[in-house]
2 protein chains.
Amino acid sequence: MIRNITNVRGIKCWGAHTGVKSMRRDLAIMYSEVPAKVSAVFTQNLVIAEPIKLTKKHLQESNYMAQAIIVNSGNANAVTGQQGAEGALAMAQTAADEFKIDVNQVMIASTGIIGQKFPTEEVVDGIKENVKKISENSRAGSFAANAILTTDTFAKEGYVEFDIDGNTINIGGIAKGSGMIHPNMATMLAFAFTDINIDQKLLDKAFKEVVEDSFNMITVDGDTSTNDMASIMANGLADNEMITSASDPHYITFKEKLNELMVHLAKLIISDGEGASKFIEYRLSGAKTREDARKIVRVVSDSSLVKTAMFGRDPNWGRILAAMGRSGVSFDVDKVDLSLGNEKEEVMMMVQGKPQEFDINLVKRILKQSEITIKMKLREGRSSAIGWGTDLTTDYVMFNSMYTT
Amino acid sequence: MIRNITNVRGIKCWGAHTGVKSMRRDLAIMYSEVPAKVSAVFTQNLVIAEPIKLTKKHLQESNYMAQAIIVNSGNANAVTGQQGAEGALAMAQTAADEFKIDVNQVMIASTGIIGQKFPTEEVVDGIKENVKKISENSRAGSFAANAILTTDTFAKEGYVEFDIDGNTINIGGIAKGSGMIHPNMATMLAFAFTDINIDQKLLDKAFKEVVEDSFNMITVDGDTSTNDMASIMANGLADNEMITSASDPHYITFKEKLNELMVHLAKLIISDGEGASKFIEYRLSGAKTREDARKIVRVVSDSSLVKTAMFGRDPNWGRILAAMGRSGVSFDVDKVDLSLGNEKEEVMMMVQGKPQEFDINLVKRILKQSEITIKMKLREGRSSAIGWGTDLTTDYVMFNSMYTT
């Protein structure tokens, strides 16, 4: 039996089919038996979907407390104007009525087609019908994980645990996001749940830092959805002594474990590229600052030239170096090492700025594999970053050029 | 007979085959009979090719005066270390010796494969052999235009003229850059020549502003080469009264004409996409500032999702709006107009933030054509920008995934 979000004390959920999508589950209901502390991050896009606007407002009103998350898939409720805003409110209000909680205790999210009338009736009826089905059975957790998908080819679930004074702390999460972004469905969603007892400000600090090292370090094509959202709910039901300090060793362990979960979910998203043939890990070390390290990893992993080279199994270090060079970060090019490899092997392409002779057959063998690690080493300082990306394939172009109309 | 850079008084040139490339011309020599004032812009990449380093140094030493430009294609002389630096110097020194001018009067550029030993001997011998062939015959101008190409499918030349008090001012230019960027050959080069008599500071001002509106508004894949360079030489042989003020009507006409030439060359680069099936013009109006307008145009024209939609003839305004929204520019989404069209027809996709019903057959007819105009209108201010791009095709991926090794 798999362990998932339903292993977190007090978390019950369900995933249902309401008819917004023709066949697959399209409504997820996630509920905590007691109000939980929340931390959340939202899309930086200026165009923001209606559910995101409402959820932000609710969290402000509730001082970052919530008890339910409702997610529909199939319709993004973005660029839908007044009709969409009313639909979002109806969605939250229905859940609040059914659960008998205040509406500002309800977070909502949507994912699917942009700019089409929001199917308020189907979603509202679906909530009414399915709230009573919520369960802490692990199957119900998987139903929820499936109900938030759009073009994903598999559901993305994760679970980690650790111990505080003999007491198990559970952390579970689900996510969606297809490695290859499809028409109007670019949304990345992630919902984590934990029963740890922790101060909201510390929860917020841990979550936001972990998002920086996980979801903010994956790239598929550089586009940002109008509906992106990631959140964590901590309901305190583990009943550990409340964590109130960032130097508390339990806080440090919590953050490590949360990072493990979120990186796991982020990698699952990258590996779900229908159009992608490779999973690529980018490791940069020796940067002056962490921000420098991140910036270089992001630019290189998002470079079309690097990505097509990986698709073509071409050890084209010139493209990697050129992408590093346009990242805006200053470094001494004559001190750069570059290598291509995987878990077992590593081939140096460049050492201290000098191109190396390498065994082309070994490199070709490495590049044939579906997981590749590109290491970049500077000699500027001691900061590092890791990121993940895909190759750019002819299939990506085909998927993304299909008619929406 | 075509008119080109050889129509500029005192400009002589040649394009030769030295053997660095197997078949095509690979060495361009351009010469002004008298020292010319220069303005130039160079790659912003941190990794800078040896010829660019040397040319920057020469221009500083000569106070932005030069008499010759030597360009080789086939080898980029980038990431070539000491050997490359020496090769670049030999290239410039040989030209200086042959022309009997100071070495700092020589500008050089290279384009081709990165990280391979620079073929100093072939290039130096080629210069010695071909300097005597320079000519003001228009055919010699075309030879030079051809000699700077790498994967381009045609040579890019342009010429404009205007009149100052009955005296013709000639402006000619050549450029290279393939619409689809190929392995290690992403370089964009442009060399303009004019016989106008103008103060160097004003030449510099006009040239840099015009570059912003032409070469800096085209995008293929967002990557920046280590070898990019654009320059103008003004040798004053038109003998007009020296232009010394930006409010001089002749300055204004000069800048307009120079802009016409540079936009022409920039559009030629975009239309030379072997992998591209469409030429797309992006027009944004109603922005608060010119910088805002440019930023939005650049982000939208560089979006993989917008570009694949264009390839797929998909009127996906949601992707355009989402790209605008992540540009970092603040605007009221409820006041945006979007349209798709061409010279004859225009279909509104969104008006004041509201998606429009449109004739899908008309839109499909428009999107079938090879030239498309996307108009974006904000209601924030009076600034506008125009940019040009291509679609993202399966051929792009194929071309760029080919082995270099």
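The values are calculated or read from the model by the stated rules, or taken from the named source; none is laboratory data. Since the structure is predicted, the reported quantities are computational estimates derived from the model, not experimental observations. Reconstructed Cβ throughout: ideal geometry from the backbone, glycine too, with neighbour counts over all protein chains shown. SASA here: full protein model, heavy atoms, side chains in, ligands and nucleic acids out. Shrake-Rupley method; radii C 1.70, N 1.55, O 1.52, S 1.80 Å.
If you go through the range B:158-169 one residue at a time, how many are of a type outside the set (A, V, I, L, M) and surrounded by 23 or more Cβ atoms within 10 Å (Cβ to Cβ)?
So the count comes out to 1.
Given the conditions (1) open to solvent by 20 Å² or more (accessible area, probe 1.4 Å); (2) in contact with a helix residue (DSSP H, G or I) (Cβ under 6 Å, 6 or more places away or on another chain); (3) not charged (D, E, K, R), report the number of the one that B:Val34 does not fulfil.
(2)
Scan the range A:365-379 for residues that are touching a residue at least 60 places away in the same chain (Cβ under 8 Å) and buried (at least 17 other Cβ atoms within 10 Å of the Cβ) and report the count.
7
Inspect all residues belonging to the range A:237-244 and state whether any of them is open to solvent by 10 Å² or more (accessible area, probe 1.4 Å) and hydroxyl-bearing (Ser, Thr, Tyr).
yes
Give the range B:13-31 a look and list any residue that's closer than 22 Å to B:Phe207 by Cβ and open to solvent by 10 Å² or more (accessible area, probe 1.4 Å), or say none.
B:Tyr31
I'd like the full set of residues that are of a type in the set (Lys, Arg) and more than 22 Å from B:Lys364 (Cβ to Cβ), limited to the range B:270-309.
B:Lys288, B:Arg290, B:Arg294, B:Lys295, B:Arg298
Can you tell which of A:Leu59, A:Leu46, A:Leu54, A:Leu27 is in contact with a Ser or Thr (Cβ under 7 Å, 6 or more places away or on another chain) and without any contact (Cβ under 8 Å) to a residue 60 or more places away in the chain?
Of the residues listed, the single one that is in contact with a Ser or Thr (Cβ under 7 Å, 6 or more places away or on another chain) and without any contact (Cβ under 8 Å) to a residue 60 or more places away in the chain is A:Leu46.
If you take the residues of the range B:77-91 that are of a type outside the set (S, T, N, Q) and touching a residue at least 40 places away in the same chain (Cβ under 8 Å), which of them is nearest to B:Ile113 (Cα to Cα)?
Filtering first and then ranking leaves B:Ala78.
On the basis of being facing another protein chain (nearest Cβ under 7 Å), touching a residue at least 24 places away in the same chain (Cβ under 8 Å), outside any loop (DSSP other than H, G, I, E, B) and out of contact with any Pro (no Cβ under 7 Å at 6 or more places or on another chain), does A:Leu321 make the cut?
yes
Kindly indicate which of A:Leu378, A:Leu392 is within 12 Å of another protein chain (Cβ to nearest Cβ) and modelled with pLDDT of 90 or more.
A:Leu378
Under the condition of being touching a Lys or Arg at 6+ places or on another chain (Cβ under 9 Å) and in a helix (DSSP H, G or I), which residue from the range B:280-299 is farthest from B:Ser339 (Cα to Cα)?
Applying the filter and picking the extreme gives B:Val299.
Among the residues of the range B:111-128, what is the count of those that are in contact with a strand residue (DSSP E or B) (Cβ under 7 Å, 6 or more places away or on another chain) and away from every other protein chain (no Cβ under 14 Å)?
Qualifying residue count, the range B:111-128: 4.
In the set B:Ser330, B:Ser339, which member is polar (S, T, N, Q), assigned by TED's automatic domain parsing to the domain that holds B:Arg290, part of a loop (DSSP other than H, G, I, E, B) and modelled with pLDDT of 90 or more?
On inspection, the qualifying residue turns out to be B:Ser330.
Tally up the residues in the range B:328-349 that are facing chain A (nearest Cβ under 8 Å) and open to solvent by less than 10 Å² (accessible area, probe 1.4 Å), please.
Qualifying residue count, the range B:328-349: 1.
Scan the range B:245-279 for residues that are within 20 Å of B:Gly341 (Cα to Cα), open to solvent by less than 60 Å² (accessible area, probe 1.4 Å) and among the basic types (Lys, Arg) and report the count.
1
Looking only at the range A:295-304, which residues are touching a Phe, Trp or Tyr at 6+ places or on another chain (Cβ under 6 Å) and either open to solvent by 10 Å² or more (accessible area, probe 1.4 Å) or without any contact (Cβ under 8 Å) to a residue 12 or more places away in the chain (or both)?
none
So if I check each of A:Gly112, A:Gly87, A:Gly81, which one is of a type in the set (Gly, Ala, Ser) and open to solvent by 10 Å² or more (accessible area, probe 1.4 Å)?
The match here is A:Gly81.
List pairs: first in the range A:305-318 and touching a residue at least 40 places away in the same chain (Cβ under 8 Å) and facing chain B (nearest Cβ under 7 Å), second part of a helix (DSSP H, G or I) and surrounded by fewer than 24 Cβ atoms within 10 Å (Cβ to Cβ), Cβ under 7 Å, 6+ apart or cross-chain?
A:Pro315/A:Val363; A:Pro315/A:Leu367
Could we say that B:Val131 is under 29 Å from B:Leu237 (Cβ atoms), open to solvent by 10 Å² or more (accessible area, probe 1.4 Å), in contact with an Asp or Glu (Cβ under 6 Å, 6 or more places away or on another chain) and not in a strand (DSSP E or B) here?
yes
Can you pull out the residues in the range B:47-73 that are open to solvent by 10 Å² or more (accessible area, probe 1.4 Å) and either closer than 18 Å to B:Gln105 by Cβ or outside the structural domain of B:Asp152 (by TED's automatic domain parsing) (or both)?
Those that are open to solvent by 10 Å² or more (accessible area, probe 1.4 Å) and either closer than 18 Å to B:Gln105 by Cβ or outside the structural domain of B:Asp152 (by TED's automatic domain parsing) (or both): B:Lys53, B:Leu54, B:Lys56, B:Lys57, B:Gln60, B:Glu61, B:Ser62, B:Asn63, B:Tyr64, B:Met65, B:Gln67.
Any idea how many residues of the range A:134-166 are within 30 Å of A:Gln82 (Cα to Cα) and part of a helix (DSSP H, G or I)?
Looking only at that region, the number is 4.
On the given criteria, is A:Ala276 within 19 Å of A:Leu392 (Cα to Cα), more than 8 Å from every other protein chain (Cβ to nearest Cβ) and not β-branched (Val, Ile, Thr)?
Yes, satisfied.
Given the criteria among the polar types (S, T, N, Q), part of a loop (DSSP other than H, G, I, E, B) and assigned by TED's automatic domain parsing to the domain that holds B:Asn170, does B:Gln44 qualify?
Yes.
Looking for whichever is within 26 Å of A:Asn170 (Cα to Cα) and either within 21 Å of the chain's Cα centre (by Cα) or among the small types (Gly, Ala, Ser) (or both) here; the options are A:Lys37, A:Lys133. Which one fits?
Answer to the selection: A:Lys37.
What are the residues in the range A:283-294 that are at negative phi and surrounded by fewer than 24 Cβ atoms within 10 Å (Cβ to Cβ), if any?
Passing the criteria: A:Arg283, A:Ser285, A:Lys288, A:Thr289, A:Arg290, A:Glu291, A:Asp292, A:Arg294.
For the range B:168-181, what are the residues that are out of contact with any Phe, Trp or Tyr (no Cβ under 6 Å at 6 or more places or on another chain) and modelled with pLDDT under 95?
Once the filter is applied, which keeps residues that are out of contact with any Phe, Trp or Tyr (no Cβ under 6 Å at 6 or more places or on another chain) and modelled with pLDDT under 95, the range B:168-181 yields B:Lys176, B:Gly177, B:Ser178, B:Gly179, B:Ile181.
If you check A:Gln93 against the conditions, is it assigned by TED's automatic domain parsing to the domain that holds A:Glu33, modelled with pLDDT of 95 or more, in a helix (DSSP H, G or I) and touching a helix residue (DSSP H, G or I) at 6+ places or on another chain (Cβ under 8 Å)?
Spelling it out, A:Gln93 is indeed assigned by TED's automatic domain parsing to the domain that holds A:Glu33, modelled with pLDDT of 95 or more, in a helix (DSSP H, G or I) and touching a helix residue (DSSP H, G or I) at 6+ places or on another chain (Cβ under 8 Å).
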